[in-house]
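Step one of this worksheet: look at the structure below.
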Amino acid sequence: MFYRNVNEENRQAWLTKTLAGLPSGLRILDAGAGELRNRPLCGHLSYVSQDFGEYRGEGNGKGLQTGKWDTNRIDLVCDITAIPEPDGAFDAILCSEVLEHVPDPTRALDEFARLLKPGGKLILTAPFASLVHFAPYHYCSGFSRYWYEYHLAKRGFHIDELTPNGDWFAYCEQELRRLGSVARRYSDWSWPLAYLLGLFGTMYFKIRGTRRADDLSCFGWHCVGVRI
């Protein structure tokens, strides 16, 4: 297919590696677990899922929607900022592509700090650049490396890893490949030209050099924080 979701491919590869590196038997919370996509990556762990359980796939019909969304298998249906578990209940917390759907994401970090044992790992991903999705439950984007560095340190975390997912060039290439389908979706009469522009535009990315621009933009940051 012409369109390729490099953002998602990179993220899932990183999550697979990072979760596989956790020792067997640890108790992990998958916060904002949705349809439990990452549960198979946690087969060696004691897995607990959480989600607010209100999104059903249709949302308000704006932006990108899934059409269907089943959260019936969630263990803890609750607000991510008020999870009914005692202090220090988890050895690890996974929160992947969720913070943009939380009205006040720093409150979620407060709750993660409470729930993690000292030495526990917080595995985070969130978009720096993203299209609106799951509306109206899409409140923010732009989670930069400086957001992680500032807010995690403030809550007693040491950052073990902070890795960019792609860079500005990768983001531009992905969106250029999506140009035609988006133009067609929004009934732009010139959508065939948009496909043509996307096709020719991607030639640039085939021949450009390897210099990265992740200091300018990227899909998002992959972060592992350790509770001090």
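The values are calculated or read from the model by the stated rules, or taken from the named source; none is laboratory data. As the structure is a prediction and not an experimental result, all values here were calculated from the model. Backbone-built Cβ (ideal geometry, glycine too); neighbour counts: all protein chains shown. Just the protein is used for accessible areas: all its heavy atoms, side chains included, with ligands, DNA and RNA removed. Shrake-Rupley method; radii C 1.70, N 1.55, O 1.52, S 1.80 Å.
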Run Leu76 past the list (1) closer than 21 Å to Val226 by Cα; (2) in contact with a Pro (Cβ under 7 Å, 6 or more places away or on another chain) and report the number of the one that doesn't hold. (1)
Considering segment 179-215 alone, what residues qualify as being out of contact with any helix residue (DSSP H, G or I) (no Cβ under 6 Å at 6 or more places or on another chain), outside any helix (DSSP H, G or I) and not aromatic (Phe, Trp, Tyr)? Ser187, Asp188, Ser190, Arg208, Gly209, Thr210, Arg211, Arg212, Asp214, Asp215
All positions within segment 1-30 that are under 15 Å from the mean Cα position of the chain (by Cα), under 18 Å from Gly220 (Cα atoms) and not in a helix (DSSP H, G or I): Asn5
Only listed residue being closer than 30 Å to Ala89 by Cα, in contact (Cβ under 8 Å) with a residue 24 or more places away in the chain and not acidic (Asp, Glu), chosen from Gly180, Gly220: Gly220
Residues being among the hydrophobic types (A, V, I, L, M, F, W, C), in a loop (DSSP other than H, G, I, E, B) and crowded, with 17+ Cβ neighbours inside 10 Å - total across segment 216-228: 2
Anything in segment 31-47 that is within 16 Å of the chain's Cα centre (by Cα) and more than 14 Å from Asn72 (Cβ to Cβ)? List them, or say none. Ala31, Gly32, Arg37, Asn38, Leu41
Restricted to segment 120-129, and to residues that are touching a Phe, Trp or Tyr at 6+ places or on another chain (Cβ under 6 Å) and over 21 Å from Leu22 (Cα atoms), which residue is surrounded by the most Cβ atoms within 10 Å (Cβ to Cβ)? Phe128
Which pairs turn up if I take residues in segment 135-151 that are aliphatic (A, V, I, L, M) and look for partners that are in a loop (DSSP other than H, G, I, E, B) and open to solvent by 50 Å² or more (accessible area, probe 1.4 Å) with beta carbon separation below 9 Å, at least 6 apart in sequence or on another chain? Ala135/Asn60; Ala135/Gly61; Ala135/Lys62; Ala135/Gln65
Please determine, by comparing only the residues of segment 143-159 that are over 27 Å from Leu131 (Cβ atoms) and not aromatic (Phe, Trp, Tyr), which one is most open to solvent (accessible area, probe 1.4 Å). Lys154
Checking the structure you have, find out if any residue of segment 31-41 is among the charged types (D, E, K, R), open to solvent by 30 Å² or more (accessible area, probe 1.4 Å) and under 30 Å from Leu199 (Cα atoms). no
Counting only residues that are aliphatic (A, V, I, L, M) and more than 18 Å from Ser130 (Cα to Cα), which one in segment 162-215 is surrounded by the fewest Cβ atoms within 10 Å (Cβ to Cβ)? Ile207
Among the residues of segment 80-133, count how many are over 27 Å from Ser24 (Cβ atoms) and not in a helix (DSSP H, G or I). 13
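One line per residue, one yes/no per condition, for (1) aromatic (Phe, Trp, Tyr); (2) open to solvent by 50 Å² or more (accessible area, probe 1.4 Å); (3) closer than 20 Å to Asn5 by Cβ; (4) within 20 Å of the chain's Cα centre (by Cα):
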position: Ser49; (1), (2), (3), (4): no, no, no, yes
position: Phe52; (1), (2), (3), (4): yes, yes, no, yes
position: Trp69; (1), (2), (3), (4): yes, yes, yes, yes
position: Ile74; (1), (2), (3), (4): no, no, no, yes
position: Glu85; (1), (2), (3), (4): no, no, no, no
position: Asp104; (1), (2), (3), (4): no, yes, no, yes
position: Ala108; (1), (2), (3), (4): no, no, no, yes
position: Pro118; (1), (2), (3), (4): no, yes, no, no
position: Leu131; (1), (2), (3), (4): no, yes, yes, yes
